[in-house]
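Notes to accompany the following structure.
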Amino acid sequence: MILDTILQHKERELAERQAAVPLRVLERSAEAADPPRDFAAALRQDGIRLIAEIKRASPSKGVFAPDLDPAALAQTYADNGASALSVLTDERFFQGSLGDLTAARAAVNIPALRKDFTTDEYHIVEARAAGADAVLLIVAALPQPRLRALLRCAQAWSLAAIVEVHTAEETAQALEIDAEIIGINNRNLHTFETTLETTAAIRALIPSDHLVVSESGIHTPADVARLHAWNVDAMLIGEALVTASDTAAKVASLVAAVNLPTVDSVASDSTSVIPAKAGIQSEAIE
C-alpha cells in the first residue's frame, strides 16, 4: 500500500537526517527561528478559511508543477484571500523540500503548515527550524501513544497540529488526545481514492469546540458550498490551485464561494449525508 511504502522510506530517511544533523544542533536552529504565527487563529474566523497548498507532485497523479516558485505562489495565494499555507516538504514522493517551506513562509504574513509524514519528534523540531507554524499528524500512520507524544511535542514548540483522520475510529482517536484541529482527509491513504462524502459523514462526530479542516478533492465553488453547509471551518486545497490556468482567479473564486447564495440550495438538494449539529453523534458511521 502507498502509505506503508512512504512510511518505510521515512524511517530510513529519518536515520539519515539524524546522522547528518544531530537533534541538539537542530534544536538550536529551531530556538533561533522567528516566533510561530497563530495557525489556529487564522482558521477560527467566519466562513471557510482557505489553506492553500504548494505542491509539485503526488505519488498517485505524478508531477503537477515541478518548476513552481514557492515564494511567488505563496504571495499569489495570500494576495487572493488564502488564510494559511500548506507546503509539501516530502522529497521522494511529492518533490517538495524544507527549502520550499522556508521560502514560502518568508514571502507572506500568513501562517504555514509543514505538510509531511511526521513520525518523530525530530520532524517537529525540523519543521520549527524551517519556519513552520504547524505540522501534520496522520492518525493512520501513528500508534496512539506516538500520536499523543507528537502532539505534545508540537505544543511544546508552540506549533499547531492538524490531526488527520479519514474514519470514525481515527476521529475517536483524535478526540481522545484532545486535538484542537482535526483534518478530514477525503483521500483514502491506503488506496488514494477520493470522495467529499468522507467529510459529510465524519463532520458530525466532531464537537463544535474543535476546528475542522476538509482536505483533498475540493475543486469547485460547488464543492466549497457543500463544505460550508456541513459547518466545516477550513479547506485545504492543492491540486486545483497549482494546476489552474489562472491560479489567482481560482483562489479568489474558491474563497468567494462561501458567500454564494446557492449554499442553502446545495445543502437541501444534495443527496449526500448532511451531518447533524456539531457534537451530536451521527448514525451514518458505525
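The values are calculated or read from the model by the stated rules, or taken from the named source; none is laboratory data. Bear in mind that the values here come from a model prediction, so they are computed numbers and not experimental data. Using ideal geometry, Cβ is built from the backbone for each residue, glycine included, and neighbour counts are taken over all protein chains shown. Surface areas here come from the heavy atoms of the whole protein model, side chains and all, with no ligands, DNA or RNA. Shrake-Rupley method; radii C 1.70, N 1.55, O 1.52, S 1.80 Å.
Here are a few things to note about the model shown:
- The set of residues from the stretch 57-73 being assigned to a loop (DSSP other than H, G, I, E, B) and modelled with pLDDT under 95 comprises 59, 60, 61, 64, 65, 66, 67, 68.
- The residue of the stretch 153-194 that is nearest to residue 115 (Cα to Cα), among those that are hydroxyl-bearing (Ser, Thr, Tyr) and part of a loop (DSSP other than H, G, I, E, B), is 158.
- Residues located in the stretch 201-222, provided they are under 22 Å from residue 42 (Cβ atoms), part of a helix (DSSP H, G or I) and in contact with a helix residue (DSSP H, G or I) (Cβ under 8 Å, 6 or more places away or on another chain): 221
- When residues of the stretch 122-148 are limited to those that are open to solvent by 30 Å² or more (accessible area, probe 1.4 Å) and touching a residue at least 40 places away in the same chain (Cβ under 8 Å), the one farthest from residue 216 (Cα to Cα): 129
- When residue 117 is tested against the conditions (1) touching a Leu at 6+ places or on another chain (Cβ under 6 Å); (2) open to solvent by 10 Å² or more (accessible area, probe 1.4 Å); (3) among the hydrophobic types (A, V, I, L, M, F, W, C); (4) within 26 Å of residue 233 (Cβ to Cβ), the lone failure is (1).
- Test: residue in the stretch 108-126 that is touching a strand residue (DSSP E or B) at 6+ places or on another chain (Cβ under 7 Å), modelled with pLDDT of 95 or more, assigned to a helix (DSSP H, G or I) and among the aromatic types (Phe, Trp, Tyr): no
- Going through (1) among the aliphatic types (A, V, I, L, M); (2) over 30 Å from residue 208 (Cβ atoms); (3) in contact (Cβ under 8 Å) with a residue 60 or more places away in the chain one by one, residue 74 falls short only on (3).
- Subset of the stretch 201-221 [open to solvent by less than 10 Å² (accessible area, probe 1.4 Å) and either over 18 Å from the mean Cα position of the chain (by Cα) or not charged (D, E, K, R) (or both)]: 202, 204, 206, 211, 212, 213, 214, 218
Here's the yes/no breakdown for (1) surrounded by 14 or more Cβ atoms within 10 Å (Cβ to Cβ); (2) at pLDDT below 90; (3) touching a strand residue (DSSP E or B) at 6+ places or on another chain (Cβ under 9 Å); (4) in a loop (DSSP other than H, G, I, E, B):
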| site | (1), (2), (3), (4) |
| --- | --- |
| 199 | yes, no, yes, no |
| 225 | yes, no, no, no |
| 275 | yes, yes, no, yes |
| 285 | yes, yes, no, yes |
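- Residues (surrounded by 19 or more Cβ atoms within 10 Å (Cβ to Cβ) and either in a strand (DSSP E or B) or hydroxyl-bearing (Ser, Thr, Tyr) (or both)) located in the stretch 77-105: 77, 83, 84, 85, 86, 87, 88, 89, 102
- Per-region count, the stretch 77-90, residues touching a residue at least 60 places away in the same chain (Cβ under 8 Å) and farther than 15 Å from residue 118 by Cβ: 7
- Considering the stretch 5-43, and only residues there that are free of Cβ contacts under 8 Å to residues at least 60 places away in the same chain and under 22 Å from the mean Cα position of the chain (by Cα), the residue that is most open to solvent (accessible area, probe 1.4 Å) turns out to be 8.
- Looking at 234, 257, 249, just one residue is open to solvent by less than 30 Å² (accessible area, probe 1.4 Å) and modelled with pLDDT of 95 or more, and that residue is 234.
- Residues satisfying the stated conditions in the stretch 149-194, i.e. among the basic types (Lys, Arg) and buried (at least 17 other Cβ atoms within 10 Å of the Cβ): 187
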